[in-house]
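Have a look at the structure below before the remarks.
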């Protein structure tokens, strides 16, 4: 059986015939080349948004640590209110900073064709960042759930580690007989 072919026309008028499998491989590789860039942009946006928490951290530190000089002590805000604002700001920064780190790591995972399940989870998490994150998450699902892309992840070359090497015959160091 002959594989179906697709006719591609170049700018110079030359036609090329490629199989449908070759065409799909080209599309998959291009999509997997673009997705990491989108995740890196999302991570950069999360880093920028996390800086908004600095306002609350600074405001909380001022309220908690500055001695209030007023005619009556009842005008001063309670110190716990400052620490509350500080905690809210720090939590905001940690949440968005952690999200940024995971999204940047997801970009590298896609590039190396590793951690497909974690990438799918991060695609779901990025759907919560309306509107750009939703777009990236949906595109990620559309690309990563294709069977052709799943096969690219399963055949990705993993770097060998020391524990992966089989001992050679006569090698006493592998048996612990040094």
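The values are calculated or read from the model by the stated rules, or taken from the named source; none is laboratory data. Quick caveat, the model's predicted, so the values are computed rather than measured. Here Cβ is always computed from backbone atoms with ideal geometry, including for glycine, and neighbour counts include all displayed protein chains.
A few remarks follow.
- The residue pairs whose first member lies in the range 90-108 and is touching a residue at least 24 places away in the same chain (Cβ under 8 Å) and on the phi > 0 side of the Ramachandran plot, whose second member is part of a helix (DSSP H, G or I) and surrounded by fewer than 17 Cβ atoms within 10 Å (Cβ to Cβ), and whose beta carbons are closer than 6 Å, counting only pairs six or more residues apart or on different chains, do not exist in this structure.
- Answer from 124, 163 - the residue that is over 27 Å from residue 44 (Cα atoms) and either at pLDDT 95 or above or in a helix (DSSP H, G or I) (or both): 163
This table checks each residue for (1) at pLDDT below 95; (2) closer than 26 Å to residue 50 by Cα; (3) under 9 Å from the mean Cα position of the chain (by Cα); (4) surrounded by 16 or more Cβ atoms within 10 Å (Cβ to Cβ).
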position: 63; (1), (2), (3), (4): yes, yes, no, yes
position: 73; (1), (2), (3), (4): yes, no, no, no
position: 76; (1), (2), (3), (4): yes, no, no, no
position: 79; (1), (2), (3), (4): yes, yes, no, no
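- Among the candidates 91, 137, residue that is at pLDDT 95 or above and either more than 30 Å from residue 59 (Cβ to Cβ) or crowded, with 16+ Cβ neighbours inside 10 Å (or both): 137
- Contacts under 6 angstrom Cβ, first residue in the range 113-135 being more than 16 Å from residue 96 (Cα to Cα), partner surrounded by fewer than 16 Cβ atoms within 10 Å (Cβ to Cβ), 6 or more apart: 113/156
- Unique residue being crowded, with 17+ Cβ neighbours inside 10 Å and modelled with pLDDT under 95 when the list is 158, 116: 116
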